[in-house]
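J.: Here it is: the structure, laid out below.
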Amino acid sequence: MNHSEAADKFNKDFDRTTWHDETLWWVRQKRDRAAFAIPEWEDLRNMASQIKHNVLSNLDTYLIEFEKNAKANGITVHWAADAHEHNQIVLSILKEQGIQQIVKSKSMLTEECHLNPFLVENGVEVIDTDLGERIVQLADEPPSHIVMPCIHWKKEEIGVLFHKHLGTPEGCADPSTLTLAAREHLREKFLTRRVALTGVNFAVAETGEFVVCTNEGNADMGTHLADVHIACMGIEKIVPKRKHLGVFLRLLARSATGQPITTYSSHFAKPREGQQMHIILVDNGRSRQLGREEFRNSLKCIRCGACMNTCPVYRRSGGHSYHNAVAGPIGSILAPNLDMTKNADLPFASTLCGSCSNVCPVKINIHEQLYSWRQVLTKSGHSPTAKTIGMKAMAAVLSSPSVYRFSGKIGRLTLSNTPFLVNNSLNPWYKQREMPEPPKESFGEWYKKNRK
Amino acid sequence: MSREKILAAVAKNKPTLTPLPEIQDFGNPYSDLVAQFTSVLTTIGGTAVEVRNWEEIQQYVQTHFAGRRMVTNLAPLADMAQQSWLTSDPHSLDDVGLAILEGQFAVAENSAVWVTEAEMGQRVTPFIAETLALVIKKSAILPKMHHAYAQIGAVEYGFGAFIAGPSKTADIEQSLVLGAHGPKSMVAFLID
Ligand code: SF4
């Protein structure tokens with residue numbers, strides 16, 4: 001199903017769509033309050049963007065520096081060219097340990113690599129320990145948002161799910177009770193699993209340490225009780241120096257949820273005594289994106305989710321409609337790099353309003369990149385059919401003044417006399433939108449009549 | 001090998017080198033760092049308690065946490081809590097009701113407290129306890145994260161964390177619940 005079909009389906013339930021929309025807008029407003037309270041907010045965004053630009057321009061050197069320092073710290077460093085190799089490395093570490101059960105904290109990279117299904121096929125039980133991720137895992141779904149994985153679930157539905165899987169009382173939909181039940185359920189897993197897998201928010205070249213941010217403390221509960229810690233990171237997660245963390249930690253949580261900082265910002269530098277620590281550096285298309293001049297800035301992303309919370313299309317279509325591990329505006333730039341054919345629809349799932357670029361803490365020009373992808377995909381014959389016909393027609397109209405004038409007249413006639421004609425499958429812009437009252441005459445017609 | 005392949009592709013595709021920006025610290029906008037720290041900590045679900053000495057901490061603990069299993073590695077509190085936990089299997093800390101540890105310093109803008117492995121005793125302690133209490137010198141409250149990293153400098157640690165308030169989640173319909181996995185409550189003792 002492409003994005004617009006999936007979005008159509010999501011929109012069938014009007015009340016739920018409105019609820020989803022409003023919930024995310026509320027998070028966006030919290031972000032605004034947090035950002036506006038910092039007078040130097042714009043300076044921080046500029047700094048963060050410049051640091052990331054330097055990282056991209058010197059990434060090979062930083063990766064080598066990070067590897068050297070991490071190794072000196074006693075961490076085993078692995079390199080994976082693609083998702084398959086990443087998954088194989090994880091499996092081989094587990095096999096070496098003779099282990100078939102792991103706990104995992106949030107990692108969008110492992111979603112991108114489809115690690116969970118791969119491990120399950122190979123007989124490994126994976127328990128996601130972030131509450132939102134556990135909920136979607138029990139429901140056999142992928143997360144719909146990179147920061148709030150089950151933002152599309154209502155508490156009553158979670159109540160039914162937990163009643164079935166965790167034995168909470170039937171009909172219980174109280175968030176505190178449900179969270180407590182999950183806490184007890186997952187505490188047992190933390191205490192009994194010997195391998196913990198985490199993502200990485202930032203890795204510091206200068207020191208060989210990496211930082212994992214959570215609010216729940218699940219990454220820490222997993223790793224500090226486990227014999228083996230496996231951390232998976234995309235190669236773009238590097239920052240040059242420790243002091244740069246100060247810039248990013250000020251921006252990340254404020255942009256994500258409006259919190260001043262996440263509850264835990266854990267800096268892992270060396271394995272605990274007697275513990276093994278592995279880090280897997282994953283490319284999976286990142287070096288290719290680095291070579292695409294118009295799109296390389298997408299690698300600056302710190303996965304805060306702000307661009308999704310603010311996006312009018314994301315809010316009213318839901319994360320699953322993007323059929324990619326990372327949804328929303330940034331996902332729509334990253335996905336075509338992974339698979340142009342499968343993800344050709346995504347750069348079109350945007351109004352190009354630019355709100356994403358305005359909130360992005362690392363100043364990625366998201367909406368401009370979406371526009372560029374449309375051109376690249378259309379030129380290479382990848383763009384989705386309905387929008388291509390509409391766009392080709394629009395391009396023809398806009399490039400010829402006489403057709404433009406004529407089509408304007410037809411447009412006004414069509415809208416006032418036969419509005420149903422505009423609402424057809426060739427005009428995706430009509431969906432879920434009120435078309436405006438057509439003016440009686442265009443500015444051109446008015447000007448012709450009145451210029452004397 | 002993938003390592004060489006990745007590094008070669010990155011070297012080939014990277015843009016022209018751009019310089020790193022200067023990192024400024026943006027100064028201190030707070031006239032009262034203790035008040036700022038306290039106000040932020042309160043909004044994120046923690047409790048700040050100003051104390052003049054260790055006896056006041058002991059009194060507070062006895063009033064609020066009597067009957068719980070307590071662990072600490074702080075010498076002035078040694079007689080009220082266990083010490084043997086420092087060398088035990090970390091899994092055995094599952095039933096700790098209160099862990100009292102020292103924070104190296106705190107940050108006023110976000111009420112985060114910097115704690116390293118040395119202060120934690122065991123890495124899991126501040127995460128597994130039902131309540132976490134951190135003792136911080138009032139004079140060790142810094143304005144912003146930039147000051148925090150200036151303070152940390154190039155010092156080596158095996159593990160360190162900024163901890164801001166109790167463990168929390170809002171994954172169920174954005175309702176805030178304290179105590180997702182780690183501490184359900186967090187107290188910061190601000191000592192003279
Ligand atoms: S693109 Fe920017 S706003 Fe979107 S998730 Fe990444 S960092 Fe956040």
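The values are calculated or read from the model by the stated rules, or taken from the named source; none is laboratory data. Being a predicted model, the structure only gives us computed values, none of them experimental. All Cβ positions, even for glycine, are placed from backbone atoms using ideal geometry, and neighbour counts span all protein chains on display. The accessibility values were calculated without ligands, DNA or RNA, using every heavy atom of the protein model including side chains. Shrake-Rupley method; radii C 1.70, N 1.55, O 1.52, S 1.80 Å.
J.: Taking the residues in segment A:311-331 that are under 29 Å from A:Pro240 (Cβ atoms) and not in a loop (DSSP other than H, G, I, E, B) as candidates, determine which candidate is nearest to the ligand (Cβ to nearest atom).
T.: Once the filter is applied, the top-ranked residue is A:Ile330.
J.: With of a type in the set (Asp, Glu) and within 16 Å of the ligand (Cβ to nearest atom) as the only criterion, which of A:Glu273, A:Glu236 stands out?
T.: A:Glu236
J.: Could you list, in sequence order, all residues of segment A:147-171 that are among the polar types (S, T, N, Q) and more than 13 Å from every other protein chain (Cβ to nearest Cβ)?
T.: None; the set is empty.
Per-residue answers, yes or no, for (1) outside the structural domain of A:Ala349 (by TED's automatic domain parsing); (2) open to solvent by 10 Å² or more (accessible area, probe 1.4 Å); (3) away from the ligand (no atom under 15 Å from the Cβ); (4) not polar (S, T, N, Q):
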residue	(1), (2), (3), (4)
A:Gly258	yes, yes, no, yes
A:Tyr264	yes, no, yes, yes
A:Ala269	yes, no, yes, yes
A:Arg292	yes, yes, yes, yes
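J.: I've got another one for you. For segment A:32-43, which positions are more than 12 Å from every other protein chain (Cβ to nearest Cβ) and touching a helix residue (DSSP H, G or I) at 6+ places or on another chain (Cβ under 6 Å)?
T.: Within segment A:32-43, A:Ala35 is the sole residue that qualifies.
J.: Of (1) more than 10 Å from chain B (Cβ to nearest Cβ); (2) not in a loop (DSSP other than H, G, I, E, B), A:Gly274 satisfies all except one. Which?
T.: In the conditions (1) more than 10 Å from chain B (Cβ to nearest Cβ); (2) not in a loop (DSSP other than H, G, I, E, B), A:Gly274 misses (2) alone.
J.: Whether any residue in segment A:188-195 is facing chain B (nearest Cβ under 8 Å) and touching a residue at least 24 places away in the same chain (Cβ under 8 Å) is what I want to check. Full working, then the answer.
T.: If we filter segment A:188-195 for residues that are facing chain B (nearest Cβ under 8 Å), which is where we start, we get A:190-191.
Retained after the next criterion (residues that are touching a residue at least 24 places away in the same chain (Cβ under 8 Å)): A:190-191.
Within segment A:188-195, one or more residues are facing chain B (nearest Cβ under 8 Å) and touching a residue at least 24 places away in the same chain (Cβ under 8 Å).
J.: Need at least 3 residues that are surrounded by 23 or more Cβ atoms within 10 Å (Cβ to Cβ) per element, so show me which helices (runs of 4 or more DSSP H) inside segment A:118-192 make the cut, counting only ones lying wholly within it.
T.: Numbers: elements: A:131-138, A:155-166, A:175-192.
Where helices (runs of 4 or more DSSP H) fall fully within segment A:118-192 and carry at least 3 residues being surrounded by 23 or more Cβ atoms within 10 Å (Cβ to Cβ), they are A:131-138, A:175-192.
J.: Considering B:Ile23, B:Ile6, which residue is farther than 30 Å from A:Asn284 by Cβ and at the interface with chain A (Cβ under 8 Å from one of its Cβ atoms)?
T.: B:Ile23
J.: Moving to a separate point now. Can you tell me which residue among A:Glu40, A:Glu65 is touching a residue at least 24 places away in the same chain (Cβ under 8 Å) and of a type outside the set (Gly, Ala, Ser)?
T.: A:Glu65
J.: Please work out which residue is nearest to the ligand (Cβ to nearest atom), limiting yourself to segment A:345-356 and to residues that are open to solvent by less than 50 Å² (accessible area, probe 1.4 Å) and touching a residue at least 40 places away in the same chain (Cβ under 8 Å).
T.: The residue in question is A:Cys356.
J.: Going by the conditions given, is A:His84 open to solvent by 20 Å² or more (accessible area, probe 1.4 Å) and within 26 Å of B:Gly158 (Cα to Cα)?
T.: no
J.: Only one of these is of a type in the set (Lys, Arg) and more than 16 Å from the ligand (Cβ to nearest atom): A:Lys363, A:Lys342. Name it. Before you say what the answer is, go through the steps one by one.
T.: Values: A:Lys363 fails: more than 16 Å from the ligand (Cβ to nearest atom).
Checking each option against the conditions leaves just A:Lys342.
J.: If I filter segment B:149-160 for residues that are buried (at least 24 other Cβ atoms within 10 Å of the Cβ) and over 13 Å from the mean Cα position of the chain (by Cα), do I get at least one hit?
T.: no
J.: Residues of segment A:41-76 being in contact with a His (Cβ under 8 Å, 6 or more places away or on another chain) and not in a helix (DSSP H, G or I), which ones?
T.: A:Ile75, A:Thr76 - these are the residues of segment A:41-76 that are in contact with a His (Cβ under 8 Å, 6 or more places away or on another chain) and not in a helix (DSSP H, G or I).
J.: A:Arg303 fails exactly one of the following numbered conditions: (1) within 16 Å of the ligand (Cβ to nearest atom); (2) farther than 30 Å from B:Ser39 by Cα; (3) not hydrophobic (A, V, I, L, M, F, W, C). What is the number of that condition?
T.: Failed condition: (2).
J.: Out of the residues in segment A:214-267 that are closer than 21 Å to A:Asn309 by Cβ and among the basic types (Lys, Arg), state the one that is farthest from the other protein chains (Cβ to nearest Cβ).
T.: Among residues in segment A:214-267 that are closer than 21 Å to A:Asn309 by Cβ and among the basic types (Lys, Arg), the one farthest from the other protein chains (Cβ to nearest Cβ) is A:Arg254.
J.: Which of the residues that make up segment B:163-186 are aliphatic (A, V, I, L, M) and open to solvent by 10 Å² or more (accessible area, probe 1.4 Å)?
T.: Result: B:Ala170, B:Leu176, B:Val177, B:Leu178.
J.: Go through segment B:47-88 and give me each residue that's closer than 29 Å to B:Leu33 by Cβ, open to solvent by 70 Å² or more (accessible area, probe 1.4 Å) and of a type in the set (A, V, I, L, M).
T.: Selection gives B:Ala75 alone.
J.: Please go through (1) open to solvent by less than 70 Å² (accessible area, probe 1.4 Å); (2) in a loop (DSSP other than H, G, I, E, B) for A:Ala34 and return the number of the only condition it doesn't satisfy.
T.: (2)
J.: Does segment A:201-208 contain any residue that is within 16 Å of the ligand (Cβ to nearest atom) and either in a helix (DSSP H, G or I) or of a type in the set (S, T, N, Q) (or both)?
T.: The answer is yes; a qualifying residue exists.
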